[in-house]
Amino acid sequence: MRQEHGANSFAHQEYHPSEQVPDRGWDRRLIAEHEAVYRQDEVGPYASNLCVLAMPRMLPDSEVFAKLANVPAKRDAEFFALPAHIRRDAVTDVRELFVPTEENVENFGALYAALRLSYLHRHPGNRETMLFLSALASIDADNVTEANARYLPRLSCSGGGSMGILMAGAPGCGKTTLLDRLDAYLGNARVIFHTAIDGRSCIWPQVPIVRVQVPETKTVRALAGGIAAQIDALARTNLHATLAEKRNRGYYMVRTAQIVSAYMVGLIVVEDLQHLATAHGDATPLLNWLGGLMELTGIPVVTVATHKVHRVIHSDSGIGSKLTSGGKLNVDYLPLALDYLRLLKAAWALRVSHPDAKMPAILPAICHKYTAGNRRYTREYLESLFTAMSRLKEGQPITKQYLEEHAREVLQDKRPTVVAVHKWKTALPLTEKERERFAEYIDTSVVRSRG
């Protein structure tokens, strides 16, 4: 049953979504599939917040683990009765495996809390928010220059001043996977259509999270177009067309702000920010544009990158502090401890041969030695190992030598990176050449000491 929650009616005298987001030939089937269904279990400051009530609830840490986990079904006797070449096709199930860690649980909670906090003041019941949306919608973006964009109306008067979050980690440690699991938790609520607000019919779309990668061109125009294109993909609109022509940064600022505000975006996630470190020219304009968009709209920006991002962030201390003011989330290598053992045990259950074999006790140590706890490297090794095991002659043992030789063969190209990571983890000195070569894999902003 859909439940309407009241809001201050005067808040809609200046702005109403039916006027600002008119009927553009919306796909009625899409609206029916994603029509807002409001929870009634919320207490506290969000109890009447339509934007938050239309999303899944905030989970306690004890439930997050199960929601994040993605573990394919364990092999049974019927599976092992299949011919070997058929069973080998299933070895790719290892790629779907995700066993969360305590770090993942904390990061998931931090991201979802930031999403909810984004709507604390930015919702239809806040008069200041509605006044801001009205003022923003009335601006002619064609007449805004980069210089006067700083004088645009801002949402800070309603407490909407937002703070950026940086999520950094080495390639292959699970940053994208964590964001994918967040998307999966939102599920049908990745796009929401509110069809009535304060008793008045409307069509007001809400897109909680927009994810976009730093474009290859590394320009404001491409990034703005990417943000609009992601909303288009979810809401089946054609917003990116208004950003296709070459304009000044002020135009892109206003037009993007109008779009993300009208579509009630909760988080803007910008992935692969480290690419700016290799950009030709100065990365500051794009960073300043992101910071300005965040300040103007009150929408937090989550930047996601490898450890090389610290070169970008530290290139401008002002914008760097702005984009990290909401905190830093680390997605690190898994140590040879309980979390890594859980991952390997779950993966061993997906082997495609040797149904009665127990996981070799030495496997965790060997696996960690050659992967440093990198999830992607671990997955590559196990997928290859299970395929090779399925070709062993009956009765041939799985020895330490066999496991180690296979690791050396499969992960040979990863060896220099893994050696450097192990040195860094144990506080052994790295040469300047090593620090430069493995900048994406090693957080050089952290000083480690042996003790």
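The values are calculated or read from the model by the stated rules, or taken from the named source; none is laboratory data. Predicted model, so just to flag it, every value in this text is computed and none were measured. Reconstructed Cβ throughout: ideal geometry from the backbone, glycine too, with neighbour counts over all protein chains shown.
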(request) Would you mention how many residues in segment 179-209 are buried (at least 18 other Cβ atoms within 10 Å of the Cβ) and in a strand (DSSP E or B)? (result) 10
(request) Can you give me the number of residues within segment 227-244 that are surrounded by fewer than 20 Cβ atoms within 10 Å (Cβ to Cβ) and either out of contact with any Lys or Arg (no Cβ under 9 Å at 6 or more places or on another chain) or among the small types (G, A, S) (or both)? (result) 7
(message) Every residue in segment 37-51 that is touching a residue at least 40 places away in the same chain (Cβ under 8 Å) and in a loop (DSSP other than H, G, I, E, B), please.
(response) S48, N49
(message) Quick check on segment 237-267: of everything there that is of a type in the set (K, R) and part of a helix (DSSP H, G or I), which residue is nearest to D183 (Cα to Cα)?
(response) R255
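From the list V21, V37, V43, which residue is within 28 Å of the chain's Cα centre (by Cα) and modelled with pLDDT under 90?
Criteria check complete, one pass: V21.
Can you spot a residue in segment 372-391 that is in a loop (DSSP other than H, G, I, E, B) and surrounded by fewer than 21 Cβ atoms within 10 Å (Cβ to Cβ)?
Yes - at least one qualifying residue is present in segment 372-391.
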(message) Would you confirm whether or not segment 352-359 contains a residue that is within 26 Å of the chain's Cα centre (by Cα) and of a type outside the set (S, T, N, Q)?
(response) no
(message) exposed (fewer than 14 other Cβ atoms within 10 Å of the Cβ) and of a type outside the set (G, A, S): is that true of D76 in this structure?
(response) yes
(message) Looking at segment 136-157, can you tell me whether even one residue there is surrounded by fewer than 18 Cβ atoms within 10 Å (Cβ to Cβ), of a type in the set (D, E) and modelled with pLDDT of 85 or more?
(response) no
(request) Tally the residues that are of a type in the set (A, V, I, L, M) and without any contact (Cβ under 8 Å) to a residue 40 or more places away in the chain, restricting the search to segment 185-223. (result) 1
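Those residues that are of a type in the set (S, T, Y) and out of contact with any helix residue (DSSP H, G or I) (no Cβ under 9 Å at 6 or more places or on another chain), I need them from segment 245-294; list them, please.
Kept after step one, since they are of a type in the set (S, T, Y), are these residues of segment 245-294: 251-252, 256, 261, 263, 278, 284.
The one that is of a type in the set (S, T, Y) and out of contact with any helix residue (DSSP H, G or I) (no Cβ under 9 Å at 6 or more places or on another chain): T278.
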(message) I want to confirm something. Restricting to segment 52-62 and keeping residues that are at pLDDT 95 or above and not in a loop (DSSP other than H, G, I, E, B), which single residue is surrounded by the fewest Cβ atoms within 10 Å (Cβ to Cβ)?
(response) L53
(message) Just checking: which of the helices (runs of 4 or more DSSP H) contained wholly in segment 67-122 hold 2 or more residues that are over 29 Å from M294 (Cα atoms)?
(response) 77-80, 84-88, 93-96
(request) Could you tell me whether segment 210-218 includes any residue that is farther than 26 Å from Y252 by Cβ, aliphatic (A, V, I, L, M), modelled with pLDDT under 90 and surrounded by 15 or more Cβ atoms within 10 Å (Cβ to Cβ)? (result) no
